[in-house]
Structure formats: C-alpha cells, structure tokens
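Data block below; observations after.
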Amino acid sequence: MLGVALVSPLALWLLATIAYPIFSLIRLSFLDVGVIGTGGEFVGFENYQRVLNSRAFWPSMGRSVVWVLGNGLLQTVLAFSAALVLNMPFRGRALARTWVILPWIVPTVVAIIVWKWMLGTSGGIVNTILLRLGVIQEQLGFFSTGNSAMASLVGINSWRFFPLLTIIILAGMQGISKDLYDAAGVDGASAWQRFTNITIPGLKPVLFVMGLVGTLWSVNIFDVIYLITGGGPSRGTLTMPVLIYDMAFLQYRLGRAAAAAVLMAAAVTLFTIAFIYFLAPREADDDDEGWQ
Amino acid sequence: MTEHKRSAAIRYTLVTLTMCLIIAPFYWIYSSSVKESTEIVSLAPTLFPQTFTLTHYANLLSSSDYPIYLTNSVVVSAATMAITVVLATSAAYGLYRLPFPGSKTLYRMILLAYIFPGSLLLIPLYVMLSSLNLLDTQLALIIINVTFAAPFSVWLLKAFFASIPFELEEAASLDGASWLQTLLRVVLPLASPGVASVAIFAFITSWTEYMFASILIISDANRTLPVGLAGIIGQYVIDWGLLLAGAGATTLPIILLFVLIGRYFVQGLLEGGVKA
Amino acid sequence: MNSKHSRICLTFLGLALFMLALVPAQAQDAVEIVIWHMEQPPQRVERVQGLIDEFNAANPGIVVSQDVQSWGEIYTKAPASVVAGNAPDILFAIPDFTPIIRELGAVQPVDDFVAEIDETHGYFDVGIEPYTSDGHVWAIPLWNMAHAIWYNIDDLEEAGIEELNNWADWANAVEALTGDGRYGIGLPANRNLYTDQVVYNFMINAGASDLYNDDGSLRFNNEQTVQALDFYGQLSQFSPPDSPSWAWGEAEVCLGSGACAMVNQFAFLRSYEANGGDPANLGVMRMPVAEGVEDPGTISYVNAAMILTDDMAKQEAAYEFLRFIFQPDNYGLFLNMEPGLFLPITESGFESETYWSDPLVVQYRDQLETVLDYSRSGRLFGFTGGQTFPSIARISAQNLLSQVGQLVVVDGLDGAAAAEEGEYLMMEAIE
C-alpha cells in the first residue's frame, strides 16, 4: 500500500483546507449569524428559504451561467486560434510559444489596472484608436451598461486565461500522431476536415479536462469582477461569487451567504456530474479512462 | 506573388496579430510609465512617449515598500512551489505508478477540489487559520496556495508519469533498488520536464493570488506584491503614473524569471504532449 | 530541478521558511498601541509615521505603530480581526462603519475624552453627532470632508455662464458646456461610496436630506427624492459614457484633463495640476439648489477614531497619542497628509499655522476656504434629524443610494420608479 501512503499527504492536506471548511460552511448555513464572529441560533432551512425567495438569487445564478458560457466560448475560440497559429512553422516559433503565456503570469490587479485604463473614455487608448479608425463615432462606454460591462469583463478575464489553454491545446496537438495527418493528406482531406476529424478527436481528452477544470475555475472568479464593477452597473455583473461576498460582508448576513454558497456548490456539483457523465471520453483501447 | 510567398505572408500576419493581442497591453504599461503625468492622462494619447521621466519609478521606490512586497512574494511563491512539487509528485507517483483500489476515484476527487471556490472558503478558512494563530503569517498564504495549485499539478504530471515504461522500474527493483531510489533515479529524471512545469505553475498560482493575501495579511511587512499594488491604487486619488510604474514593476520580476525559465515551462508541457 | 539534490534542497528550503514564519515577535515592556487606518497613499502613510515617530520619541513608555488597511477590505477584515482577537487598539472609522463594529461589542464609549477635546480645542457642531448613539459617543472625530462643485473656470467663461441660481440654470449650463469632445459634467454611476455621495448631494439640495422618519421608518420614497433622481438622470446625459465605472480618481482626471467642465467632488488639491489642470483655472462653488428648497447643504463625512482596546493602560496611552495629534501644530500636519481633502474639525485646528502653511493650501487658499465654509453645514445620509439608526450601516455598506442612481442612469428608469425600487431595496436590507 505504498501508493496510498504516497497519496495521503496531499489527500490530508486537501481534507484540512477544503473538506473541513466546507463542513463548517454547511453548519453555518443553518445558523442565524449576521456579522462575522457573532453567534447564531439554529434556524433550520430558513436561510435557504430566504435565499431562494430573494430577488437577487436567480438572476445571479443566470449571470453566472452567462459568465461561464461567455468565458468558455471566448477562451476556446481564442485558444484554438492561437494554438493553430503557433502550430504553423515560422521563424521565432519557440519564442512566440513561450511568450504567449504572458497575460497568465501577471497578477490580476495588473490586468485590471491596464484594461480599465485602456478602456476608459478620458483618453483611453482603445476608444481613441477606434475613433481615429472611424469604426465608432462616439466613445464606447465599456462598463456603462450591465451587458457591456459583462462583455468587457468576459473579455478581460479571457485575455488572462486563454494563454494557458493555448499551451495545453498545443501540447495536446503534439500528442497527435503525424501519421494520421499524412494519411488524411493522401486521402485528399481539406484542412477543415483534418481539423474536425483528426485534431478535435485527438484533443478530446485534453479538452474534456480543461473544459471541466476551466469551468470550475471561471465560475469561481471573483476578483476581476469585484475590483472593476463591484457587481454593477445595476447588478449587471453580480454573479454568484460576488453576490455571496455581498451577503456575507456587506449585508452582514453570514448565515444566508453560507446557504447561498452551499446552493451554488450544489449547482456546480450537478453540472460536474452531468459533464462527466455525458462528455467523459471513453476509449476502449486504453486502460485509463480518458479524463484521468 | 507565388503561392508559397502568399501563404508565408498570411502566416506571419496571423502570428503578428496573435502576439499583438498578448503584448500590446504590456507595451502600453511600460511606454506610458515613463511619460510625464500630464502626458499620461492627456486626451490625445501618444503611442510613443513624447516625454521621458523615471519619477514614477522613483516615487514607487521611495514611497512604498516595494522591495519588501517583492521579497514576500518570492518567499511565499518559492515555498508554495517547493511544497506543491513534493506533494504533487508523490501523489502522482502513487496514483499512476502504484495504482491501488480506488486510486482513480481518489484522483478524480482531487481534481474536483476546484468545485469549491476560494471566495466561499474564505470565511471558514479565516476562522480556522486564526484559531491556529496563523493570521498575518506567510505560512497561511503558503498553505492556501498549495491547496489551489496542487490538484491541477497532479493532472499535469500524469502524462509524464504515464509515458514511462514500467519495465524500467522493474529492472531497477530487480537490481535491488528501493522504491525511493527508483523514484528519484529512474522516474523523476524522465519526468523532469513535467516537474519543472508543475513547479512553475505553482509559483505563478501563488504569485498572482490576491483575495486571500488581501484578507489574511494584516501588516505591511507581510504583504505580497499584488496586495501592495492594490494598496497604491488609493481610494480617492488615482496617480496613474505611480500606478503604471507599480504595474510595470510588479510584472518585471516575473518577466525576468520567464526570460530565464519560461521555455522550460512551455517546452515541458509540449514535450510531455499532455495525453490526458 | 531533476536531480535528487536540488529536490532535497527545495524541501529544506520549504522547511526553513516554515520556521521563519513561526518566529514570534519580540516582547516589549512599553505599552504598545496599534492603529489601523485606511489612508493608503504613500505620502499619507509617511506623514502619519512622522507624527508617530515624534510621539514615540517623546513618550518612552508608549510605542505606537500603524498598519495601513484598505477601505475595500476593512469591512471584512475588521470584524474578523475582532473575532480572532487581533483587533487594533485604535481603528479609524466613518459614521456608518461604527455600528458594525459596535455590534460585536468591541467599541469603547469615549464620552469623557471627546468632551475633553471639545473643551480644549472646540469641536465644530457637525463633528460629534454622527458618532452619538444610545446616549454615548463611540468615536473621536478626527477630520471632516465635504463635497462641492469643482469646475474649469475658462470653460464656464467661454460659455458665458456666470451664476447658477437654481437647477434650471444648472441644467442649461451643463448642456451648453457639452460638445467638442467635452462633457458638461462628470457624474458617477458606479456602485460605490462616491456615487452614494453625489446622489445624496442631489437629494440634499432637492430637500430630501432625511432618509428616516423620527420613528425609524424609511421615508426615502418621497417627492423630493424623485425630483433629485430625475434631475440626476437628466444631467447624466451630459456625462462621459464610462462614468458607471468611476470612483473619485476618474472624476479628478476628467476635470484636470479638461474632458469634463465640472465634477461634484471632495477637495483634492494635489491632483488637479498633475492631471493637466492649470491651478489658476480651478473654480469651486456650492451645488445649485432646486427651486423652493430652504436648507441647502452639502454632504460631509466626519472621520473618527474608535477605541477598541478594553485595557485601561492602553486606552490611556491611546488618548495620550490623540491628545498629541490634536495639538494645533501637529494637527495641521496631520490634516495635510492630503491637503484640502481633510478639513479641520476643531476651532484650534482651523487656526493652526501648520495647516495654512502647506504649499498646496497656500496655492488654493480661496477655494479651500469656500469648501471649509460649506463643510460646517455638512450632513450625511442616515445621520440627519438628530437621531441615528444603526440600520443605516446596512444601507450604506451595500451602496443602495448608488444602486438607485444606477437605476436612473443605466437602466433609464424615471425618478418615481427608481425611488420606489430604492425604498424596497432598503427595506429588504434592514428588515
């Protein structure tokens, strides 16, 4: 049982830092606690009822879905495009492949500063360029409505995370045998056919894990949203993590925030189960089951 | 223009566009951070600096504890990296080279640690760390960062460990090598690009972490770079010069680090050819 | 990375770091006082540290130190630190922050000390009221901050605008000033304290200062609020499109760079020139008043210090430090950690020589005197009408006033609908 012994340090570490806090969170969701640190009475499911009946809950769930889908879509498109480009032969390819990762290695705060500044209307560079090119006649308010703020935030967040995905996809492309492409070339398959019939299936296991982990990462994004819009304007970017933070630390309803957190975790768990059940690659010829 | 030349032109255009999307914001930070304040906020932004000054960087150094933040970030990230590498390598070795009943389930459970978002765990973790007297210590940040870096690291290592033939290990054990000797002398050297990638992944995860660092650290002496940078944003006044210098100086160390080791991170992943 | 030795090295490195982090702080004999404040910009920290150093040198038995926090996190961090037992001895506050910490039972009443400072230095009337509740004073007022309308003089002159006597004048002026890449006014519509402040300033000058009736029930949804909100929406059409993401700093940049003709703002003397403004071009005036409103005013924030320690020796040491701060010469230096923004709250501070001798204060003396004058009739939402209701903390922590402002500016609701929705949100927040 050497294997067990080797896994156990990490397993115990995660138990202490995740399982135990989850347990206290669930406990908290049944207590009537207000400000962090005050005591609370057991109130059964009252917190859950109030959360489910509040006006903010379902719209926030909806926005989280939009957030995850938007990020997933944009990052996939960006990462695939970048990976295909960087997979072509050109001089300086190794260099480009290294530095494509740049946005991912800078702290969120830096990304926030630079994008907020570039997207501003008092001399923001993006508006200035678009105006000069004649693409727009009037300055765009990138954060001025709920929808535009959501779109801008999805863009900023995707800019930060697509590089990692690009590298992972590139790595996956390396793993696809050249013979397959050569054979397809002989058969006269078009570039698009090669992409859909060889590249995509070959990447399926990687895409599966990145789809799963990427979704879990992005649904939990808090700092970019909170530091730029605070969930606004008009709650247009109030996703679940922001709502929960709001409830806990600005509305001083810790118990209710815990209940909302548990509900969100439940929704994410359901999604995960469905994702694994429907999309897990099953490869008969391999003893490991794909998504490992 | 020949077919060949045309396709080359298209190729380089695409590469340039891609790299512009990546690099342009950084160019904008650095080129603007050396402009005079009035040029920075001018309504007609200048693509190339018309003025040159290092005042903003001087301000940054004289008025904030940038060197302290930098040291703290390096210490926390290096420790996170070290612990993550040890824990993840050992776990990955156990899971992929010495499978046991339930190892696949356990592996999945580890990856699913990401179901529970940091923002939800903030409250209970705060209470837990405070009862352990770890608030305002770098150890607290290290503990948290390892938690969020390790699961993905285990997955990254899989491709490397899975690609090593079992025969090599068997040969080693026939020679009388213990499991530890086998791990250190046979398996790890072969998986070294993967270990390097994991190390860098953990380092970056820790380097960019903001939320926990902002709540768990109280005194200025223990602050990390992202939180220190957020501190100079200021509540009432935006000093764009200082802010851009701060953004630039926060990014610089990691860029330098990547100049040295960046290719190992990317090459490590590429050579391993993540097979999943 | 792949050799055994470097791996072992890394492991030891990790262990060594563990040890380092665990080294306990050295114990000392003197009374230690820890201050948390939220004045993060470097020159403010430096100024406070200078005063602390001077105090520590003169008082060998006391060691004061500061830890700088951010307003963005203090609402999370302070309650948590009280619970964890590592709260500071002195914590700076604004009026709506105090009830939160009081709920945890951690704030000490300071009636006697405030009376002492009042006697020696003479508090302005606006100072103590926001911190008085349940028969006690809960924090020691430190300084005041007040809003006014700041404008670029040349813009108004070119447009031939002289005096703005009422809202109709103001609306015409703002419209006339808009054009040629310039916005007539910069009005925030973010969800933050700045927008709360500006929305409330409109409410004050529409005659809707009071959020509460005397019995503690809400009176937000009324005719005057509706008028204020409608007008806010009207003027916002002449504000830059990114104003829904603004905080104070963006408004400053907009005014200084000339992109905005006017903004509603605190007195930031330091940034106008840095943002490209010509100091001689900076004008200030009182916000115009809606027709028929009898008691115009401006929003003002009295900042204060709460005493959290229950140790008598520490409390006395904390008072000693604050006595030192209120000495007129020290107080002038203290306020000028951000010249203009922090206004004196005592008569003796108003006379302080160090206060009036700061170069920026000298340069903008006229403007500052105007703002100081307004500040003495300042008021703050939830702290008017002679009574304080702790539930205001929940309304302001969630920035409900700015959320109502956004309903008008971003969602295009009319004032009546926004006021109704706003009252609902407030009820939900305080139930």
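Inter-chain Cβ neighbour count for A:84-92, averaged per residue, equals 4 (cutoff 10 Å, partner chain atoms only).
Neighbouring Cβ atoms from other chains, within 10 Å of the Cβ of residues in A:123-134, number 3 on average. Taking every full run of DSSP H in chain A, the ones that stretch at least 18 Å from end to end by Cα along their long axis and average -0.5 or higher on the Kyte-Doolittle scale are A:2-14, A:57-86, A:146-174, A:200-219, A:254-279. Loop-located GluC sites (Glu not before Pro) in the stretch C:139-221 (DSSP state not H, G, I, E or B) with no more than 13 neighbouring Cβ atoms inside 10 Å: C:GLU162, C:GLU163. Phi angles across the stretch C:119-126 convert, under the Karplus curve 6.51 cos²θ - 1.76 cosθ + 1.60 with θ = phi - 60°, into 3J(HN,Hα) values of 5, 7, 10, x, 5, 5, 4, 6 Hz, Gly and Pro given as x. When the Gaussian network model of chain C links Cα atoms closer than 10 Å, the mean-square fluctuations of C:PRO99, C:PRO344, C:PRO241 top out at C:PRO241. What do you get for the angle between helix B:188-208 and the principal long axis of chain B? Use alpha-carbon atoms, 0 to 90 degrees, nearest ten. With rounding to tens, the tilt is 40 degrees.
Could you pull out the chymotrypsin sites (Phe, Trp or Tyr not before Pro) across the stretch B:151-226 that fall in loop regions by DSSP (anything but H, G, I, E, B) with no more than 11 other Cβ atoms inside 10 Å?
Values: sites: B:PHE152, B:TRP155, B:PHE160, B:PHE161, B:PHE166, B:TRP179, B:PHE201, B:PHE203, B:TRP207, B:TYR210, B:PHE212; in loops: B:TYR210.
Nothing satisfies the criteria.
What's the Cα-based Rg to Rh of chain A, Rh via Kirkwood? Don't skip to the answer; put the middle values down first.
Working: Rg = 22.9 Å, Rh = 22.2 Å.
My calculation puts Rg/Rh at 1.03.
GNM remark for chain B: springs join alpha carbons under 10 Å apart, and the peak mean-square fluctuation among B:ALA88, B:ALA44, B:ALA196 falls on B:ALA44. Per-residue ellipticity at 222 nm from helix content only, as computed over the protein assembly as shown with -39500 (n - 2.57) for each DSSP H run of at least four residues, stands at -19000 deg cm²/dmol. In plain terms, the C-alpha convex hull of the stretch A:64-204 casts an average shadow of 11.3 nm² when viewed from every direction. Inter-label distance, C:ASP112 to C:GLU291: 5.7 nm, where each label sits 7 Å from its Cα along the C-beta direction. In this simple spin-label approximation, C:GLU316 and C:ASP215 carry label points 7 Å from Cα along the Cα→Cβ vector, and these lie 4.9 nm apart. Largest GNM mean-square fluctuation among C:SER271, C:SER81, C:SER243, using chain C with Cα springs under 10 Å: C:SER81.
Only lysine pairs 8 or more places apart or on separate chains count here, and in the protein assembly as shown those with Cα atoms under 29 Å apart total 16.
Using the Kirkwood formula on the Cα atoms of chain C, what hydrodynamic radius do you get, in angstrom to one decimal?
Hydrodynamic radius (Kirkwood, Cα pairs) of chain C is 23.2 Å.
On a 0 to 90° scale, report how tilted helix B:118-131 is relative to the longest principal axis of chain B, with both axes built from alpha carbons and the result rounded to the nearest 10. Computed tilt is about 80 degrees.
Laboratory data are not the source of any read-out in this text; all were calculated from the coordinates shown. Every value quoted in this text rests on a predicted model; they were computed, and no experiment measured them. Every residue, glycine as well, gets a Cβ built from its backbone with ideal geometry; the counts of neighbours run over all protein chains shown.
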